[in-house]
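Undergrad: Before I ask anything, here is the structure I am working with.
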Amino acid sequence: MLDTRTNRPDLPAEIARRRTFAIISHPDAGKTTLTEKFLLYGGAIQMAGQVRAKGEARRTRSDFMQMEKDRGISVSASAMSFDFKDFRFNLVDTPGHSDFSEDTYRTLTAVDAAVMVIDGAKGVESQTRKLFEVCRLRDLPILTFCNKMDRESRDTFDIIDEIQENLAIDVTPASWPIGQGRDFVGCYDMFNNRLELMDRADRNKVAESIKINGLDDPKLDEHVPETLVAKLREEVEMARELLPELNPQSVLEGHMTPIWFGSAINSFGVKELMEGIGTYGPEPQPQRAEPRQICPEESKVSGFVFKVQANMDPKHRDRVAFVRLASGHFKRGMKLTHVRSKKPMTVSAPVLFLASDRELAEEAWAGDIIGIPNHGQLRIGDTLTEGETLKVTGIPSFAPELLQQARAGDPMKAKHLEKALMQFAEEGAAKVFKPAFGSGFIVGVVGALQFEVLGSRIELEYGLPVRFEASQFTSARWVQGDKQAVEKFTAANKQHIAHDNDGDVVYLTRMQWDIDRVERDYPDITLTATKEMMV
């Protein structure tokens, strides 16, 4: 967050009630299940889906790609908007698998807070740590949900200690679990002195909430087994002595995280977490931009593209740009300036998402995420404004770590393959490099699973069998320097040179020695592993 000073004007009520956040976690911590339950409580769906659906049991709403449905994992960030009590939630479910981390990193530039989901048995895992670091770079407030408490899990103090030590953030318990595994009966709400009991029989049922007067209330003994009551009283007393008290300002600055305990698959603890997001989560925040930051209360509309998804609807060759609105009150049919091309664009069919379902958006406010269908004009990093030349900054593009050559199964369809690859490059799903020498394309990704996803999507969406073959190159770096220096460098290193889909010069390397050689022989050339998605 950029500007936490208190002298900023109050936001219009419609903007102030928005909460735009991402869910982050290690794979399999229950993130997509939690998303489903959010939608259930928000009244957006009647029955929550299971990630591993049996036969035709309801499949999850937020996983819409064929591969996601087959494998039970999320490989693409999806956005959802729904109302909960007085709030408007804009939720982005991100892929937890590290092979898709680039999509996740970019998504974190478009949200104001993150909900970190951890598994009660496994604690803080490697991917959680990586994503947390990205949140830390952006000072994003973080709210934590410890999931799967109905399975055998670790001691509550151990989990909290691990978060504090590993992530260097203060943790304050918002709820305290009563029992664990088979004995898990519910939680004690530390902020509101309430007893929340879990209903194991009906997973789509809202848990029962009993108002009590502190831990000495005799009502507690009526509802909780005797063995667990004594332990609960002792643990809560210790927690209040040892752990910091909630400081809402500290949460907003990203120095403290409240933690809720529960079981997403049993719909338990989810409602309390949602209330926590509404109460302690930030309102829409200012966005970093050049030449000045954009504040949400400004009356002029502005927004930026943080993701492009092709072929969300397999019946139409559509491409939807996900736009986070940074300021103003957007209305359907508005003319906005596409800053990169300086051309006006009439946004006549903007959509609001409920995963792959969408509805026409008549209006939207700062903080909302809308989809703009387009035919390739909009790219990741583009800014749309009501005329002012502003460019939102800080949307990264990472150098791929794995490079392979792409070849069409049918040589006659090489042209079609080029078109398909360019679509995926603009979507940010892969980097596509056209070597200066030789034919074909080199495709670069962050993780090996992305090759599988690309291959399966090209076949499904374009009807093109494609094979990926080993490439002599192992990594790619963007070439920066003044024009003459770059031209001299490319002329002398033609066999290593390629261009990405934006036409930028890329140096393909076989080993670290190549990079060291360039740094030694060409002091006026810089090789970078990231490029900002700003054109």
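The values are calculated or read from the model by the stated rules, or taken from the named source; none is laboratory data. In this text the structure is predicted, and so the values were computed from the model without any measurement. Virtual Cβ from ideal backbone geometry, glycine too; neighbours counted across all protein chains shown. Accessible surface is based on the protein model in full, side chains and every heavy atom, while ligands, DNA and RNA are left aside. Shrake-Rupley method; radii C 1.70, N 1.55, O 1.52, S 1.80 Å.
Undergrad: How large is the dipole of region 399-532 about the Cα centre if only Lys and Arg carry +1 and Asp and Glu carry -1, each at its Cβ, rounded to the nearest 20 debye?
TA: Rounded to the nearest 20 debye, it is 380 debye.
Undergrad: What distance in nm lies between label points placed 7 Å from Cα along the C-beta direction at LEU460 and ALA121?
TA: Placing both labels 7 Å along Cα→Cβ, they lie 2.9 nm apart.
Undergrad: Starting from the residue with the highest accessible area, list GLU459, GLU36, GLU165, GLU237 in decreasing order, probe 1.4 Å.
TA: Descending order: GLU165, GLU237, GLU459, GLU36.
Undergrad: Per 0.36 nm of contour for each residue apart, how much would the distance between GLU222 and GLU362 grow if the chain were fully extended, relative to their Cα-Cα spacing?
TA: Answer, rounded to one decimal: 45.3 nm.
Undergrad: While we're here: Counting each pair of different Cα atoms once, what's the Kirkwood radius of region 107-147 in Å, rounded to one decimal?
TA: Taking the inverse mean of 1/r over all distinct Cα pairs, region 107-147 comes out at 10.6 Å.
Undergrad: Scattering from the C-alpha atoms of region 399-532 alone, worked out with Debye: what is log10 I(q)/I(0) at q = 0.12, 0.14, 0.15, 0.20 1/Å?
TA: Per q value, in the given order, log10 I(q)/I(0) is -0.46, -0.61, -0.69, -1.13.
Undergrad: At 0.36 nm per residue, and after removing the present C-alpha to C-alpha distance, how many nm does the segment from ARG233 to ARG517 gain when stretched out fully?
TA: Full-extension gain reported as 95.7 nm.
Undergrad: Between HIS416 and LYS343, what length comes free when the chain is fully extended (0.36 nm per residue of separation minus the Cα-Cα distance, one decimal in nm)?
TA: Gain on extension, HIS416 to LYS343, equals 23.4 nm.
Undergrad: Between ALA529 and ASP158, how many nm apart are label points set 7 Å from Cα along the C-beta direction?
TA: 3.4 nm
Undergrad: Related question: Can you put HIS255, HIS329 in order of accessible area, largest first, using a 1.4 Å probe?
TA: Ranked list, largest accessible area first: HIS255, HIS329.
Undergrad: Moving to a separate point now. Hey, rough spin-label estimate for LYS130 and ASP10, points 7 angstrom out along Cα→Cβ, what's it come to in nanometres?
TA: 4.4 nm
Undergrad: Tell me the Kirkwood radius of region 289-392: reciprocal of the mean inverse pair distance over distinct alpha-carbon atoms, in Å.
TA: The answer is 13.6 Å.
Undergrad: As a test of reading the structure, rank ARG138, ARG358 by solvent-accessible area (1.4 Å probe, protein chains only), most first.
TA: ARG358, ARG138
Undergrad: Suppose every Lys and Arg Cβ carries +1 and every Asp and Glu Cβ carries -1, with no other charges. What dipole size does region 322-395 come out with about its Cα centre, to the nearest 20 debye?
TA: It comes to approximately 380 debye.
Undergrad: Quick one: putting +1 on the C-beta of Lys and Arg, -1 on the C-beta of Asp and Glu, what dipole do you get for region 214-364 around its Cα centre, in Debye to the nearest 20?
TA: Dipole of region 214-364, to the nearest 20 debye: 1900 debye.
Undergrad: Right, something else. Give me the distance between the Cα centres of region 440-479 and region 263-285, rounded to whole Å.
TA: Distance between centres, Cα-based: 38 Å.
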